[in-house]
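Please read the structure below before turning to the comments.
The values are calculated or read from the model by the stated rules, or taken from the named source; none is laboratory data. These numbers come from a predicted model, not from an experiment. With ideal geometry, Cβ positions are generated from the backbone for all residues, glycine too; neighbour counts draw on all protein chains shown.
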Amino acid sequence: MPLIKSNAGSTTCRILIVGNIGALCAGLCEELKKLGHECILVGERTEALLRDDLVEFDLLVSELASDPPGPNEAAIVSFKLGVTSSPARRAIPALHDIIEKTLAFKLRRIDAAHDDSYLREKIDLELPSDLTLMNSVLEYLLDRVERLGMVEVEQSNLFVALDEAFVNAVKHGNRNNPEKLLRVTAELSPHEAIFTVEDEGDGFDVREIPDPTDPANLFKSSGRGVLLIYNIMDEVEYSRGGAKLRMVKRPKW
(Lines give C-alpha, C1' and ligand atoms only; values in the text may rest on other atoms or scores of the structure.)
Protein backbone atom coordinates (compact mmCIF):
# COMPACT_ATOMS: atom_id res chain seq x y z
CA MET A 1 0.00 0.00 0.00
CA PRO A 2 1.67 3.26 -1.07
CA LEU A 3 1.57 6.42 0.95
CA ILE A 4 -1.74 8.22 0.57
CA LYS A 5 -2.87 11.80 1.02
CA SER A 6 -5.60 12.59 3.48
CA ASN A 7 -8.19 15.28 2.86
CA ALA A 8 -6.06 17.64 4.90
CA GLY A 9 -3.13 17.03 2.57
CA SER A 10 -0.97 15.24 5.14
CA THR A 11 0.98 12.10 4.28
CA THR A 12 -0.18 8.84 5.86
CA CYS A 13 2.14 5.88 6.39
CA ARG A 14 1.26 2.25 7.00
CA ILE A 15 3.39 1.05 9.92
CA LEU A 16 4.03 -2.46 11.27
CA ILE A 17 5.11 -2.76 14.92
CA VAL A 18 6.54 -6.10 16.07
CA GLY A 19 7.03 -6.66 19.79
CA ASN A 20 6.22 -9.07 22.60
CA ILE A 21 5.44 -6.49 25.29
CA GLY A 22 1.84 -5.71 24.52
CA ALA A 23 1.14 -2.62 26.62
CA LEU A 24 4.25 -0.74 25.53
CA CYS A 25 3.95 -1.61 21.85
CA ALA A 26 0.25 -0.80 21.93
CA GLY A 27 1.11 2.54 23.49
CA LEU A 28 3.50 3.36 20.66
CA CYS A 29 0.91 2.27 18.13
CA GLU A 30 -1.60 4.69 19.66
CA GLU A 31 0.96 7.50 19.61
CA LEU A 32 1.56 6.99 15.89
CA LYS A 33 -2.14 6.76 15.16
CA LYS A 34 -2.53 10.19 16.77
CA LEU A 35 -0.25 11.48 14.02
CA GLY A 36 -2.77 10.16 11.49
CA HIS A 37 -0.95 7.00 10.42
CA GLU A 38 -2.27 3.47 10.04
CA CYS A 39 -0.56 1.20 12.57
CA ILE A 40 -0.72 -2.61 12.88
CA LEU A 41 0.68 -4.47 15.89
CA VAL A 42 1.85 -8.11 15.94
CA GLY A 43 3.34 -9.92 18.91
CA GLU A 44 6.05 -12.11 17.42
CA ARG A 45 8.57 -11.83 14.60
CA THR A 46 7.47 -15.19 13.15
CA GLU A 47 3.90 -13.95 13.02
CA ALA A 48 5.03 -10.85 11.15
CA LEU A 49 7.02 -12.88 8.62
CA LEU A 50 3.97 -15.01 7.84
CA ARG A 51 1.93 -12.00 6.76
CA ASP A 52 1.21 -11.86 3.05
CA ASP A 53 1.03 -8.05 3.02
CA LEU A 54 4.52 -7.18 4.27
CA VAL A 55 5.37 -5.32 1.08
CA GLU A 56 2.43 -2.98 1.69
CA PHE A 57 3.97 -1.43 4.83
CA ASP A 58 5.98 1.77 4.61
CA LEU A 59 7.83 1.43 7.92
CA LEU A 60 8.81 -1.29 10.36
CA VAL A 61 9.41 -0.92 14.10
CA SER A 62 10.51 -4.13 15.83
CA GLU A 63 11.96 -5.65 19.00
CA LEU A 64 11.24 -2.75 21.33
CA ALA A 65 12.57 -4.71 24.32
CA SER A 66 13.69 -8.17 25.36
CA ASP A 67 12.37 -10.44 28.09
CA PRO A 68 13.66 -9.74 31.62
CA PRO A 69 17.06 -11.40 32.24
CA GLY A 70 17.56 -14.32 34.56
CA PRO A 71 20.11 -14.49 37.40
CA ASN A 72 23.62 -13.46 36.30
CA GLU A 73 22.32 -12.78 32.81
CA ALA A 74 22.78 -9.49 31.00
CA ALA A 75 19.75 -7.76 29.56
CA ILE A 76 20.01 -7.49 25.79
CA VAL A 77 17.69 -4.96 24.24
CA SER A 78 17.35 -4.64 20.48
CA PHE A 79 15.46 -2.08 18.48
CA LYS A 80 15.01 -1.59 14.74
CA LEU A 81 13.33 1.20 12.85
CA GLY A 82 13.37 0.86 9.08
CA VAL A 83 11.80 2.39 6.00
CA THR A 84 10.47 -0.43 3.85
CA SER A 85 8.89 1.31 0.86
CA SER A 86 10.26 3.64 -1.77
CA PRO A 87 7.41 6.20 -1.50
CA ALA A 88 8.03 6.47 2.25
CA ARG A 89 11.61 7.52 1.59
CA ARG A 90 10.35 10.63 -0.14
CA ALA A 91 7.83 11.55 2.58
CA ILE A 92 10.40 13.26 4.81
CA PRO A 93 8.04 15.45 6.90
CA ALA A 94 5.88 12.45 7.84
CA LEU A 95 8.94 10.32 8.58
CA HIS A 96 10.41 13.05 10.76
CA ASP A 97 7.33 13.04 13.00
CA ILE A 98 7.24 9.23 13.19
CA ILE A 99 10.93 8.94 14.07
CA GLU A 100 10.74 11.71 16.65
CA LYS A 101 7.63 10.24 18.26
CA THR A 102 9.02 6.67 18.27
CA LEU A 103 12.40 7.55 19.79
CA ALA A 104 10.85 9.87 22.37
CA PHE A 105 8.34 7.15 23.35
CA LYS A 106 11.12 4.59 23.68
CA LEU A 107 13.18 6.86 25.94
CA ARG A 108 10.18 7.69 28.11
CA ARG A 109 8.44 4.33 28.37
CA ILE A 110 10.98 1.58 27.62
CA ASP A 111 14.58 2.66 28.15
CA ALA A 112 13.78 4.24 31.52
CA ALA A 113 12.53 0.89 32.85
CA HIS A 114 15.92 -0.85 32.65
CA ASP A 115 18.78 -1.03 35.12
CA ASP A 116 21.49 0.21 32.76
CA SER A 117 24.37 -1.13 34.87
CA TYR A 118 24.19 -4.51 33.12
CA LEU A 119 22.46 -3.50 29.91
CA ARG A 120 23.57 -4.30 26.39
CA GLU A 121 21.64 -2.61 23.64
CA LYS A 122 21.63 -2.82 19.87
CA ILE A 123 19.87 -0.22 17.76
CA ASP A 124 19.40 -0.57 13.98
CA LEU A 125 18.05 2.30 11.90
CA GLU A 126 17.51 2.40 8.14
CA LEU A 127 16.45 5.83 6.96
CA PRO A 128 16.33 7.91 3.78
CA SER A 129 19.25 10.23 3.15
CA ASP A 130 17.94 13.43 4.65
CA LEU A 131 19.79 15.27 7.41
CA THR A 132 16.57 16.53 9.01
CA LEU A 133 15.87 12.92 10.02
CA MET A 134 19.27 12.62 11.69
CA ASN A 135 18.68 15.22 14.42
CA SER A 136 16.31 13.01 16.43
CA VAL A 137 18.54 9.98 15.85
CA LEU A 138 21.63 11.80 17.07
CA GLU A 139 19.89 13.12 20.18
CA TYR A 140 18.51 9.67 20.98
CA LEU A 141 21.89 7.92 20.63
CA LEU A 142 23.63 10.51 22.80
CA ASP A 143 20.92 10.17 25.44
CA ARG A 144 21.34 6.40 25.53
CA VAL A 145 25.14 6.68 25.84
CA GLU A 146 24.80 9.23 28.63
CA ARG A 147 22.28 7.08 30.53
CA LEU A 148 24.72 4.18 30.48
CA GLY A 149 27.16 6.50 32.26
CA MET A 150 30.17 5.34 30.27
CA VAL A 151 30.94 8.59 28.44
CA GLU A 152 30.43 12.21 29.45
CA VAL A 153 28.78 13.27 26.21
CA GLU A 154 29.42 17.01 26.47
CA GLN A 155 33.13 16.54 27.16
CA SER A 156 33.72 13.70 24.71
CA ASN A 157 32.82 15.55 21.48
CA LEU A 158 30.84 12.43 20.56
CA PHE A 159 28.15 14.68 19.06
CA VAL A 160 30.71 16.14 16.66
CA ALA A 161 32.00 12.73 15.52
CA LEU A 162 28.56 11.24 14.91
CA ASP A 163 27.29 14.38 13.22
CA GLU A 164 30.28 14.41 10.86
CA ALA A 165 29.73 10.73 10.07
CA PHE A 166 26.05 11.32 9.27
CA VAL A 167 26.75 14.40 7.13
CA ASN A 168 29.50 12.66 5.16
CA ALA A 169 27.31 9.61 4.50
CA VAL A 170 24.27 11.65 3.42
CA LYS A 171 25.98 14.40 1.43
CA HIS A 172 29.06 12.72 0.00
CA GLY A 173 28.04 9.05 0.07
CA ASN A 174 24.39 9.10 -0.99
CA ARG A 175 24.52 12.57 -2.60
CA ASN A 176 21.41 13.68 -0.66
CA ASN A 177 19.34 11.15 -2.61
CA PRO A 178 16.34 10.15 -0.43
CA GLU A 179 15.93 7.00 -2.52
CA LYS A 180 19.20 5.76 -1.01
CA LEU A 181 19.21 4.49 2.56
CA LEU A 182 21.49 5.40 5.41
CA ARG A 183 22.05 2.54 7.87
CA VAL A 184 23.02 3.44 11.42
CA THR A 185 23.80 0.80 14.03
CA ALA A 186 24.72 1.35 17.67
CA GLU A 187 25.89 -1.42 20.02
CA LEU A 188 25.99 -0.01 23.53
CA SER A 189 27.18 -1.39 26.84
CA PRO A 190 28.72 0.06 30.02
CA HIS A 191 32.15 -0.78 28.54
CA GLU A 192 32.03 0.65 25.02
CA ALA A 193 29.85 2.18 22.34
CA ILE A 194 30.22 0.89 18.78
CA PHE A 195 28.65 2.93 15.98
CA THR A 196 28.38 1.91 12.33
CA VAL A 197 27.27 4.31 9.60
CA GLU A 198 26.81 2.87 6.11
CA ASP A 199 25.62 4.55 2.94
CA GLU A 200 24.73 3.25 -0.53
CA GLY A 201 27.25 5.40 -2.37
CA ASP A 202 30.34 4.45 -4.36
CA GLY A 203 32.70 4.91 -1.43
CA PHE A 204 36.08 6.63 -1.42
CA ASP A 205 39.71 6.04 -0.56
CA VAL A 206 40.36 7.65 2.81
CA ARG A 207 44.05 7.86 1.93
CA GLU A 208 43.24 10.30 -0.89
CA ILE A 209 41.58 12.88 1.37
CA PRO A 210 43.70 16.05 1.52
CA ASP A 211 45.44 16.50 4.86
CA PRO A 212 43.59 19.43 6.47
CA THR A 213 46.60 20.14 8.73
CA ASP A 214 48.80 20.84 5.71
CA PRO A 215 49.22 24.64 5.33
CA ALA A 216 48.46 24.25 1.62
CA ASN A 217 44.97 22.98 2.54
CA LEU A 218 44.30 25.55 5.25
CA PHE A 219 41.23 27.01 3.54
CA LYS A 220 39.88 23.72 2.21
CA SER A 221 36.98 22.11 4.07
CA SER A 222 37.47 18.61 2.67
CA GLY A 223 38.99 16.12 5.07
CA ARG A 224 38.26 18.01 8.28
CA GLY A 225 35.29 15.82 9.22
CA VAL A 226 37.29 12.62 8.82
CA LEU A 227 40.16 14.09 10.87
CA LEU A 228 37.76 15.04 13.67
CA ILE A 229 36.31 11.53 13.74
CA TYR A 230 39.80 10.00 14.04
CA ASN A 231 40.73 12.40 16.83
CA ILE A 232 37.54 11.90 18.85
CA MET A 233 36.90 8.15 18.58
CA ASP A 234 39.11 5.42 20.06
CA GLU A 235 38.85 3.21 16.97
CA VAL A 236 37.94 4.15 13.40
CA GLU A 237 37.68 1.72 10.50
CA TYR A 238 36.43 2.23 6.95
CA SER A 239 35.29 -0.75 4.86
CA ARG A 240 33.22 -1.53 1.77
CA GLY A 241 35.39 0.85 -0.22
CA GLY A 242 34.79 3.67 2.25
CA ALA A 243 30.98 3.40 2.26
CA LYS A 244 30.90 1.83 5.73
CA LEU A 245 32.36 3.48 8.82
CA ARG A 246 32.84 1.75 12.17
CA MET A 247 33.64 3.87 15.23
CA VAL A 248 34.31 2.84 18.83
CA LYS A 249 34.20 5.06 21.91
CA ARG A 250 35.29 3.81 25.36
CA PRO A 251 35.22 5.40 28.80
CA LYS A 252 38.36 7.14 30.04
CA TRP A 253 38.93 4.84 33.00
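Mind checking which residues of region 75-99 are among the hydrophobic types (A, V, I, L, M, F, W, C), touching a helix residue (DSSP H, G or I) at 6+ places or on another chain (Cβ under 7 Å) and in a helix (DSSP H, G or I)? 88, 92, 95, 98, 99, listed by residue number.
Among the residues examined, residue 145 does not qualify as surrounded by fewer than 16 Cβ atoms within 10 Å (Cβ to Cβ), touching a helix residue (DSSP H, G or I) at 6+ places or on another chain (Cβ under 7 Å), of a type outside the set (D, E, K, R) and touching a residue at least 24 places away in the same chain (Cβ under 8 Å).
Just one of (1) within 29 Å of residue 91 (Cβ to Cβ); (2) modelled with pLDDT of 90 or more fails for residue 188. It is (1). Can you name the residue in region 19-36 that is in contact with a helix residue (DSSP H, G or I) (Cβ under 7 Å, 6 or more places away or on another chain) and part of a loop (DSSP other than H, G, I, E, B) and, of all such residues, is modelled with the highest pLDDT? Selected residue: 35. Scanning region 149-163 for residues that are surrounded by fewer than 20 Cβ atoms within 10 Å (Cβ to Cβ), assigned to a helix (DSSP H, G or I) and touching a residue at least 24 places away in the same chain (Cβ under 8 Å) gives 160, 163. Scanning region 164-179 for residues that are crowded, with 16+ Cβ neighbours inside 10 Å and assigned to a loop (DSSP other than H, G, I, E, B) yields 174, 177, 178.
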